[in-house]
Amino acid sequence: MAIKTKPFDAAEYLDTEVAITAYLEDAFSDGDPAFIAKALGTVARARGMSKIAKATGVTREALYASLSATGNPTLATLVATTRALGYELTVKPLSH
């Protein structure tokens with residue numbers, strides 16, 4: 001008998017601010033734009049994509065598309081999404 005499995009969805013486990021913050025910090029520290037976009041999309045799904053879309057002024061469908069591994073969100077979408085999620089983008093020098 002084959003084992004039935006379901007696809008892993010990180011959004012199901014992002015149920016605390018600590019978990020969400022750690023997830024986003026990891027994504028941004030990686031520096032991979034595709035990973036960052038996907039991580040923001042995962043957090044948006046965990047928080048409610050319709051709610052985030054309304055707060056950003058971007059349609060839900062456009063937000064799903066731009067915040068995917070193959071998406072390429074504009075800077076405006078990136079800033080609006082991080083703010084709608086309760087975060088802000090900051091810049092700091094790289095530590096060497």
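All but one of (1) farther than 16 Å from Thr77 by Cα; (2) surrounded by fewer than 18 Cβ atoms within 10 Å (Cβ to Cβ); (3) in contact (Cβ under 8 Å) with a residue 12 or more places away in the chain hold for Gly31, so report the exception by its number. Exception for Gly31: condition (3). In the range 70-81, the residues that are hydrophobic (A, V, I, L, M, F, W, C) form Cβ pairs under 7 Å with partners that are surrounded by 11 or more Cβ atoms within 10 Å (Cβ to Cβ) and outside any loop (DSSP other than H, G, I, E, B), at six or more places apart or across chains, as follows: Ala80/Thr56. Checking each residue in the range 1-26 for being under 17 Å from Gly86 (Cβ atoms) and either aromatic (Phe, Trp, Tyr) or surrounded by 19 or more Cβ atoms within 10 Å (Cβ to Cβ) (or both) picks out Leu14, Ile20, Tyr23, Leu24.
Yes or no, residue by residue, for (1) hydroxyl-bearing (Ser, Thr, Tyr); (2) in a helix (DSSP H, G or I); (3) under 10 Å from the mean Cα position of the chain (by Cα):
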position	(1), (2), (3)
Met1	no, no, no
Ala11	no, yes, yes
Ile20	no, yes, yes
Ser29	yes, yes, no
Phe35	no, yes, yes
Leu40	no, yes, yes
Val43	no, yes, yes
Ala55	no, yes, no
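Residue count for the range 68-96 under the criterion of being surrounded by 11 or more Cβ atoms within 10 Å (Cβ to Cβ) and over 18 Å from Glu17 (Cβ atoms): the result is 10. Of all residues in the range 40-67, those being under 18 Å from Ser29 (Cα atoms) and either surrounded by fewer than 20 Cβ atoms within 10 Å (Cβ to Cβ) or of a type in the set (Ser, Thr, Tyr) (or both) number 1. Determine if the range 39-59 includes at least one residue that is under 20 Å from Val18 (Cβ atoms) and free of Cβ contacts under 8 Å to residues at least 12 places away in the same chain. Yes, because at least one residue in the range 39-59 is under 20 Å from Val18 (Cβ atoms) and free of Cβ contacts under 8 Å to residues at least 12 places away in the same chain.
Throughout, read-outs are computed from the coordinates displayed, never taken from laboratory work. Computed from a predicted structure; not experimentally measured. Neighbour counts are summed over all protein chains in view; Cβ atoms, including those assigned to glycine, are modelled from backbone coordinates with ideal geometry.
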